[in-house]
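Novice: For reference, the structure I am asking about is given below.
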Amino acid sequence: MTIIKRLAAALLAVLCLGLAACGGPPAEVENPITEYQSPEEAFAAAGVQGILPEYLPGGYEYQSAITIGGGIAQVAWQNGDNEISLRAAKESDGDISGDYGSHPFEDTLEGMNAYVTIRGESIDEIYHATWTLDRVQYALMLEVGVPQEEIMDIVNSQP
């Protein structure tokens, strides 16, 4: 299941639980996800000048560009059943990755243009990276973990 489908399912479940708890009639809820034709359109709609990485592991092809709640742009690439997503939003103190769980491995590294926090199972199995560059906050999420060096190659490939 892709990250977009999981996000939509999670939002729907929260809404249903909220409605059930209130005991009221179902209310019409606006979908927080808007699809765009290109990453540039999604970045513009989110109000950020996002920068895409020039490097991704082999076999990944552009899949989609969306905004979440109007303020977060997300670009996804697919390789078979595996997905890589990059989120971008205006700089804030919050975590835009959507990953609020704990991971056995976490470290902060100095990249070419920013300090990067990486999280995963081990140094050889990283699933998330977050950083801020030019007042834009980024979160990179991978369904298949990669070694620390490879995730830093992706992050450092932003021109």
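Novice: If you go through the stretch 66-90, how many residues are small (Gly, Ala, Ser), under 13 Å from the mean Cα position of the chain (by Cα) and either buried (at least 22 other Cβ atoms within 10 Å of the Cβ) or within 25 Å of residue 147 (Cα to Cα) (or both)?
Specialist: Going residue by residue through the stretch 66-90, those that are small (Gly, Ala, Ser) are 69-71, 73, 76, 80, 85, 88-89.
From the residues that got through so far, the ones that are under 13 Å from the mean Cα position of the chain (by Cα) too are 71, 73, 76, 85, 88-89.
Applying the additional criterion that residues be either buried (at least 22 other Cβ atoms within 10 Å of the Cβ) or within 25 Å of residue 147 (Cα to Cα) (or both) yields 73, 76, 85, 88-89.
Residues meeting the conditions: 5.
Novice: Could you please tell me which pairs satisfy a Cβ distance under 7 Å, a separation of 6+ or placement on different chains, a first residue in the stretch 142-159 that is touching a residue at least 24 places away in the same chain (Cβ under 8 Å) and farther than 9 Å from residue 55 by Cβ, and a second residue that is in a strand (DSSP E or B) and among the hydroxyl-bearing types (Ser, Thr, Tyr)?
Specialist: 142/127; 145/127
Novice: Within the stretch 134-158, work out how many residues are under 19 Å from residue 88 (Cβ atoms), of a type in the set (Val, Ile, Thr) and assigned to a strand (DSSP E or B).
Specialist: 1
Novice: Can you tell me which residue in the stretch 120-131 is nearest to residue 58 (Cα to Cα), limited to those that are surrounded by fewer than 19 Cβ atoms within 10 Å (Cβ to Cβ) and in contact with a strand residue (DSSP E or B) (Cβ under 7 Å, 6 or more places away or on another chain)? It would help to see each step written out before you state the result.
Specialist: Residues of the stretch 120-131 surrounded by fewer than 19 Cβ atoms within 10 Å (Cβ to Cβ): 121-125.
Retained after the next criterion (residues that are in contact with a strand residue (DSSP E or B) (Cβ under 7 Å, 6 or more places away or on another chain)): 121-123, 125.
Numbers: 121: 22, 122: 22, 123: 20, 125: 17 Å.
Across the stretch 120-131, the extreme among qualifying residues is 125.
Novice: I would also like to ask the following. What number of residues in the stretch 47-76 are under 22 Å from residue 31 (Cα atoms) and not β-branched (Val, Ile, Thr)?
Specialist: Taking the stretch 47-76 as the starting set, the residues that turn out to be under 22 Å from residue 31 (Cα atoms) are 47-48, 63-76.
Applying the additional criterion that residues be not β-branched (Val, Ile, Thr) yields 47, 63-65, 69-71, 73-74, 76.
Residues flagged as under 22 Å from residue 31 (Cα atoms) and not β-branched (Val, Ile, Thr) within the stretch 47-76 amount to 10.
Novice: Additional query: Give the residue, chosen from 59, 47, 101, 80, that is free of Cβ contacts under 8 Å to residues at least 12 places away in the same chain and of a type outside the set (A, V, I, L, M, F, W, C). It would help to see each step written out before you state the result.
Specialist: Values: 59 fails: free of Cβ contacts under 8 Å to residues at least 12 places away in the same chain; 47 fails: free of Cβ contacts under 8 Å to residues at least 12 places away in the same chain; 80 fails: free of Cβ contacts under 8 Å to residues at least 12 places away in the same chain.
Exactly one of 59, 47, 101, 80 is free of Cβ contacts under 8 Å to residues at least 12 places away in the same chain and of a type outside the set (A, V, I, L, M, F, W, C), namely 101.
Novice: Within the stretch 145-155, work out how many residues are surrounded by fewer than 19 Cβ atoms within 10 Å (Cβ to Cβ) and either touching a Phe, Trp or Tyr at 6+ places or on another chain (Cβ under 8 Å) or over 14 Å from residue 84 (Cβ atoms) (or both).
Specialist: Here the count works out to 4.
The numbers here are math on the coordinates, done by the rules we state, and not lab data. For clarity, every value in this text was computed on a predicted model and none was experimentally measured. Using ideal geometry, Cβ is built from the backbone for each residue, glycine included, and neighbour counts are taken over all protein chains shown.
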